[in-house]
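S.K.: Right, I'll just put the structure down here and ask away after.
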Amino acid sequence: MDKQTRKELVSEWKERHPEMGVVSAKCIATGEEFYSTSKDTATWFNRHRFELNSKCHRNRRLQELWNKYGESGFAFTTVSELKYEKLDDVKGDDLRELLELCLMENPQAKKL
């Protein structure tokens with residue numbers, strides 16, 4: 001790869017605008033819902049599906065439900081999206097505050 005192509009790819013990466021916010025893994029059968037934050041929701045969903053399918057997820061209850069009901073027994077959604085202009089403008093506290101608001105709106109949800 002030449003230097004110019006590399007420079008363009010790095011620039012595109014820095015200027016990307018991934019969806020950020022509070023994400024949910026919900027067991028359809030039991031209604032149990034698990035909330036977390038993500039700076040890139042698409043990769044969050046992929047990572048957690050992989051961990052659950054590999055039977056190595058760090059949340060024991062979520063793993064138990066996954067083992068019992070399987071992938072088709074779950075819904076992965078973005079609960080609340082964080083709106084921002086530039087990636088550099090987003091601070092970790094922004095996502096934590098959004099998560100706390102979502103947990104207050106849905107007290108049955110568990111923090112992941």
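The values are calculated or read from the model by the stated rules, or taken from the named source; none is laboratory data. In this text the structure is predicted, and so the values were computed from the model without any measurement. FYI the Cβ positions are ideal-geometry reconstructions off the backbone, even for glycines, and counts take in every protein chain you see. Ligands, DNA and RNA are stripped out before the accessible areas are found, and what is left, the full protein with its side chains, is counted by its heavy atoms. Shrake-Rupley method; radii C 1.70, N 1.55, O 1.52, S 1.80 Å.
S.K.: What part of the accessible area of the chain, given as a whole %, is carbon or sulfur when the probe is 1.4 angstrom? Please report the intermediate quantities before stating the final value.
M.R.: Working: 3750 of 7590 Å².
Carbon-and-sulfur percentage of accessible area, whole number: 49.
S.K.: Can I ask one more? Before I look further, what does the chain give for accessible area per residue, probe 1.4 Å, in whole square angstrom?
M.R.: Numbers: 7590 Å² over 112 residues.
In whole numbers, the chain has 68 Å² accessible per residue.
S.K.: As a test of reading the structure, rank Glu12, Glu64 by solvent-accessible area (1.4 Å probe, protein chains only), most first.
M.R.: Working: Glu12 120, Glu64 90 Å².
Ranked list, largest accessible area first: Glu12, Glu64.
S.K.: Roughly how many nanometres apart are two label points built 7 Å out from the Cα toward the Cβ at Glu64 and Leu9?
M.R.: Modelled inter-label distance: 4.5 nm.
S.K.: Using volume of the Cα convex hull per residue in Å³ as the read-out, say which of [x] 101; [y] 120; [z] 76 was calculated from these coordinates.
M.R.: [y]
S.K.: Considering only Cα-Cα distances, which of the following residue pairs are longer than 32 Å: Lys68/Lys91; Lys7/Lys110; Lys83/Lys110; Lys14/Lys68; Lys26/Lys83?
M.R.: Numbers: Lys68/Lys91 37 Å; Lys7/Lys110 42 Å; Lys83/Lys110 23 Å; Lys14/Lys68 40 Å; Lys26/Lys83 23 Å.
Flagged as over cut-off: Lys68/Lys91; Lys7/Lys110; Lys14/Lys68.
S.K.: Taking 0.36 nm per residue of sequence separation and subtracting the Cα-Cα distance, how much length would be gained by fully extending the chain between Leu103 and Asp40, in nm to one decimal?
M.R.: On the way: separation 63, 0.36 × 63 = 22.68 nm, distance 1.96 nm.
Taking 0.36 nm per residue and subtracting the Cα distance, the gain is 20.7 nm.
S.K.: From the protein chains alone at 1.4 Å, what is the descending order of accessible area for Val79, Val22, largest first? Working shown, then result.
M.R.: On the way: Val79 60, Val22 0 Å².
I get Val79, Val22, largest accessible area first.
S.K.: Same structure again: Relative contact order, percent, of the chain when contacts are C-alpha pairs under 8 Å separated by at least 6 residues? Kindly include the intermediate steps, with their values, before the conclusion.
M.R.: Numbers: 141 pairs, mean separation 41.3, N = 112.
Contact order relative to length: 37 percent.
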